[in-house]
Amino acid sequence: MRRLAIFGLGYVGREVASLALEREFDVVGIDTDPAVVESAREGETVRDGSSDRFEATTDGGSAVEDADGIVVTVPTPLDSSYSVDLSAIEGVADVIATGLSPDPRGTLVVLESTIPPGTVADIVVPRLQAAGYEIGDDVFLAHVPERIDPGNDEWLLAEIPRVAGARTDRGLERAVSFYDRLLDADIHPVSSTEVAAASKIIENAYRDINIAFVNEVALTLDELQIDASEALDAADTKPFGFTRFSPGAGVGGHCIPIDPYFLIERAASNGHNSRFLKAAREVNDRMPAYIAERTVDTLVRGGTLPQEATVLLLGKAFKPNVSDTRNSPYFGIRTKLESYHTSIETYDPTLPDESTVDSPYQEVDAVVLVTDHDEFRTLDLRRMSDSGVDILIDGRNVFSPEKARSAGLTYVGVGRS
């Protein structure tokens with residue numbers, strides 16, 4: 001395989017394109033947004049994007065005609081009713097079906113986008129077959145779910161093992177061969193694209209469920225006036241049968257708060273109620289409102305009405321040390337506080353253009369830690385207090401309650417007061 005077409009130049013697509021260029025593929029990136037295409041061409045978002053071996057275009061049909069391999073990394077978001085929106089997958093499948101050469105010579109088509117089990121069979125296969133292509137002969141079709149951890153320098157894309165499923169045995173061989181060349185990590189073949197899709201959802205549902213568990217524990221222990229962090233640290237001394245997760249202001253990103261719904265919806269269409277997965281989502285979705293309500297309650301107890309207060313939210317990104325705000329708990333916290341007519345300021349060192357202040361030290365009534373960026377872990381709590389802050393709401397249980405109180409702050413954490 002020499003020429004690779006990549007649909008979708010979001011975070012995953014850009015990283016795949018960058019790595020493929022490094023591995024000496026000729027790459028054409030396709031995106032519907034002309035601005036995204038232009039920034040990729042200029043090498044701003046794709047490493048080596050200005051090289052002769054990289055093209056970027058909005059014309060997917062022409063891009064796939066001469067491609068030996070096609071990788072699909074388009075978004076699969078949820079709509080307002082928590083149903084997965086697969087319109088981007090449908091659109092790409094249509095483009096591929098009409099754009100492939102009449103004699104495609106066994107082009108490999110790989111979906112990396114996270115999808116419900118059955119998507120390949122229900123959406124992609126019929127479109128290719130309707131265009132006259134034989135799966136496993138003219139076109140090889142596989143699903144290799146993306147695995148990527150933004151901001152994690154210990155696990156780069158090339159080093160993360162991958163799961164591969166395909167529609168045919170030859171398709172699986174082709175997919176494994178391609179990723180063996182692209183990555184340094186092991187490839188784990190599975191029996192079908194459905195198994196591959198399910199594995200991706202399980203990975204993130206596992207994290208969602210365990211985070212929901214410790215969040216529920218934290219809220220419960222808070223009612224009993226037991227420090228949840230201390231109790232979890234104690235439980236973590238068990239050398240087997242326990243994995244430590246941490247409670248917090250909420251989960252964000254494109255994976256954890258989204259992927260479980262892919263399985264929930266698919267199971268519901270077959271008459272099954274995924275109660276455990278739903279319960280975990282409800283607990284974690286509730287956390288931003290919990291943080292906002294604790295903030296309001298603490299303000300009122302201190303004699304400040306929420307409509308007369310100013311609150312500084314520290315962190316807008318969904319995880320530490322990245323600038324990605326997708327589904328960040330920041331938005332839920334802000335919306336809930338604004339429903340009380342509270343004034344909001346924002347500071348995030350990774351998003352200076354979206355910050356309303358240029359420092360975490362402000363004369364405000366309360367500070368809420370939303371994202372535990374490294375910069376925030378070393379905040380000078382005495383300086384914060386001297387700036388005029390009365391209340392610290394620690395949405396990530398980063399700070400010592402004793403140190404916060406000795407600095408003159410009223411401290412509230414998640415499951416620790």
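Quick look at the values:
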item: The stretch 267-324, subset closer than 18 Å to Leu392 by Cβ and of a type in the set (Gly, Ala, Ser), residue nearest to the chain's Cα centre (by Cα); result: Gly315
item: Complete set of residues in the stretch 366-388 that are of a type in the set (Val, Ile, Thr) and either in contact (Cβ under 8 Å) with a residue 12 or more places away in the chain or not assigned by TED's automatic domain parsing to the domain that holds Pro247 (or both); result: Val367, Val368, Val370, Thr371
item: Scope the stretch 40-50; condition part of a loop (DSSP other than H, G, I, E, B) and over 19 Å from the mean Cα position of the chain (by Cα); matching residues; result: Glu42, Gly43, Glu44, Val46, Arg47, Asp48, Gly49, Ser50
item: Meets criteria (more than 15 Å from Ile70 (Cα to Cα), of a type outside the set (Phe, Trp, Tyr) and assigned by TED's automatic domain parsing to the domain that holds Val71) for Gly165; result: yes
item: The one condition in (1) under 24 Å from Ala121 (Cα atoms); (2) of a type in the set (Gly, Ala, Ser); (3) crowded, with 23+ Cβ neighbours inside 10 Å that Ser269 fails to fulfil; result: (3)
item: Hits in the stretch 62-81 (condition: aliphatic (A, V, I, L, M) and either closer than 11 Å to Glu112 by Cβ or not assigned by TED's automatic domain parsing to the domain that holds Val16 (or both)); result: Ile70, Val71, Val72, Val74
item: The stretch 331-368: number of residues that are part of a loop (DSSP other than H, G, I, E, B) and either out of contact with any helix residue (DSSP H, G or I) (no Cβ under 7 Å at 6 or more places or on another chain) or not aromatic (Phe, Trp, Tyr) (or both); result: 17
item: Residue count, the stretch 306-330 (criterion: assigned to a loop (DSSP other than H, G, I, E, B), in contact with a Phe, Trp or Tyr (Cβ under 9 Å, 6 or more places away or on another chain) and among the hydrophobic types (A, V, I, L, M, F, W, C)); result: 3
item: Residue tally, condition free of Cβ contacts under 8 Å to residues at least 24 places away in the same chain and part of a loop (DSSP other than H, G, I, E, B), over the stretch 227-260; result: 8
item: Selected residue (criterion: surrounded by the most Cβ atoms within 10 Å (Cβ to Cβ)) from residues of the stretch 43-84 that are more than 25 Å from Leu157 (Cβ to Cβ) and of a type in the set (D, E, K, R); result: Asp66
item: Candidates Arg207, Arg162, filtered to the one that is surrounded by 20 or more Cβ atoms within 10 Å (Cβ to Cβ) and under 18 Å from the mean Cα position of the chain (by Cα); result: Arg162
item: Residues of the stretch 1-21 that turn out to be among the charged types (D, E, K, R) and modelled with pLDDT under 95, as a count; result: 2
item: Breaking point among (1) under 15 Å from Thr298 (Cα atoms); (2) in contact with a strand residue (DSSP E or B) (Cβ under 9 Å, 6 or more places away or on another chain); (3) in contact (Cβ under 8 Å) with a residue 12 or more places away in the chain, for Ile344; result: (1)
item: Members of the stretch 24-39 that are among the acidic types (Asp, Glu) and assigned to a loop (DSSP other than H, G, I, E, B); result: Glu24, Asp31, Asp33
item: Residue, farthest from Tyr11 (Cα to Cα), within the stretch 24-36, restricted to residues that are more than 22 Å from the chain's Cα centre (by Cα) and not acidic (Asp, Glu); result: Phe25
item: Pair list, Cβ < 6 Å and 6+ apart or interchain, from the stretch 309-337 residues that are surrounded by fewer than 21 Cβ atoms within 10 Å (Cβ to Cβ) to residues that are in a loop (DSSP other than H, G, I, E, B) and among the polar types (S, T, N, Q); result: Ser323/Thr350
item: Gly13 more than 25 Å from Arg326 (Cα to Cα) and assigned by TED's automatic domain parsing to the domain that holds Gly106; result: no
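Per-residue answers, yes or no, for (1) closer than 30 Å to Ile264 by Cβ; (2) part of a strand (DSSP E or B); (3) within 29 Å of the chain's Cα centre (by Cα):
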{"residue": "Asp52", "(1), (2), (3)": "no, no, no"}
{"residue": "Glu55", "(1), (2), (3)": "no, yes, yes"}
{"residue": "Ala63", "(1), (2), (3)": "no, no, yes"}
{"residue": "Thr76", "(1), (2), (3)": "yes, no, yes"}
{"residue": "Ser80", "(1), (2), (3)": "yes, no, yes"}
{"residue": "Ala97", "(1), (2), (3)": "yes, no, no"}
{"residue": "Ser101", "(1), (2), (3)": "no, no, no"}
{"residue": "Arg105", "(1), (2), (3)": "no, no, no"}
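The values are calculated or read from the model by the stated rules, or taken from the named source; none is laboratory data. Note that the structure is a prediction, hence the values are computed from the model and not measured. For neighbour counting, all protein chains shown are included, and Cβ atoms are generated from backbone atoms with ideal geometry for every residue, glycine included.
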